[in-house]
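The next block holds one structure in the form of structure tokens; read it before the comments.
None of the figures in this text is laboratory data; all of them are computed from the coordinates on show. Just so you know, these numbers come straight off a predicted model, no measurement behind them. Don't worry about glycine lacking a Cβ; one is built from the backbone with ideal geometry, like all the others, and counts go over all protein chains shown.
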Amino acid sequence: MPISAPLSSPALQVLVDADACPVKDEIYKVALRHHVSVVVVSNRPLRVPDHPLVRRVVVSDSFDAADDWIAQASGAGSVVITADILLADRAIKAQASVLSPTGKPFTASSIGGAIATRAIMADLRAGAVGEAIGGPPPFSKADRSRFLSALDEALTRLARNAGR
């Protein structure tokens with residue numbers, strides 16, 4: 001299946017690291033209300049709304065293919081939705097706004113601590129042979145609500161900065 005290339009310098013867009021994203025419906029709702037395009041990037045075909053502002057990109061199943069595509073497409077007019085801390089770092093370096101699916105923003109000042117915590121947790125998991133190490137808490141209604149608010153604020157801010 002051919003992989004489409006990122007758009008060159010789109011005005012405003014939401015880029016979704018979609019394979020495990022629990023808030024796709026919320027993204028469509030908010031982005032379409034703001035008349036902002038949504039690019040859903042995944043390693044397998046996913047259903048997306050039949051709308052001219054929504055585009056699906058299916059990348060290969062090679063390691064980090066979706067992350068690489070999103071990082072390349074990211075820029076100052078992008079909001080990247082991901083739980084992947086290393087992708088968040090790459091998008092921030094490309095000057096994109098980045099939100100986790102729980103609505104937590106990743107910023108230039110917070111990403112270093114998030115990367116360090118990720119490394120510590122990986123070390124703990126590696127040393128915990130046969131022991132259960134807890135993961136993140138279950139996704140909640142409060143997370144969904146916080147995400148809706150955070151995405152609305154991010155798109156409003158980007159539109160204002162773009163003079164829309």
key: Gain on full stretching of the segment that runs from A108 to F63 - 0.36 nm per residue minus C-alpha separation   = 13.7 nm
remark   = Any lysines whose Cα falls less than 19 Å from that of K93, other than same-chain ones fewer than 8 residues away, would be K104
task = Taking 7 Å along the Cα-to-C-beta vector as the label spot, tell me the A162-K93 distance in nanometres, rounded to one decimal.
result = 2.4 nm
request  = Just subtract the alpha-carbon distance of D25 and L53 from 0.36 nm times their residue separation and send over the number in nm, one decimal.
outcome  = 8.7 nm
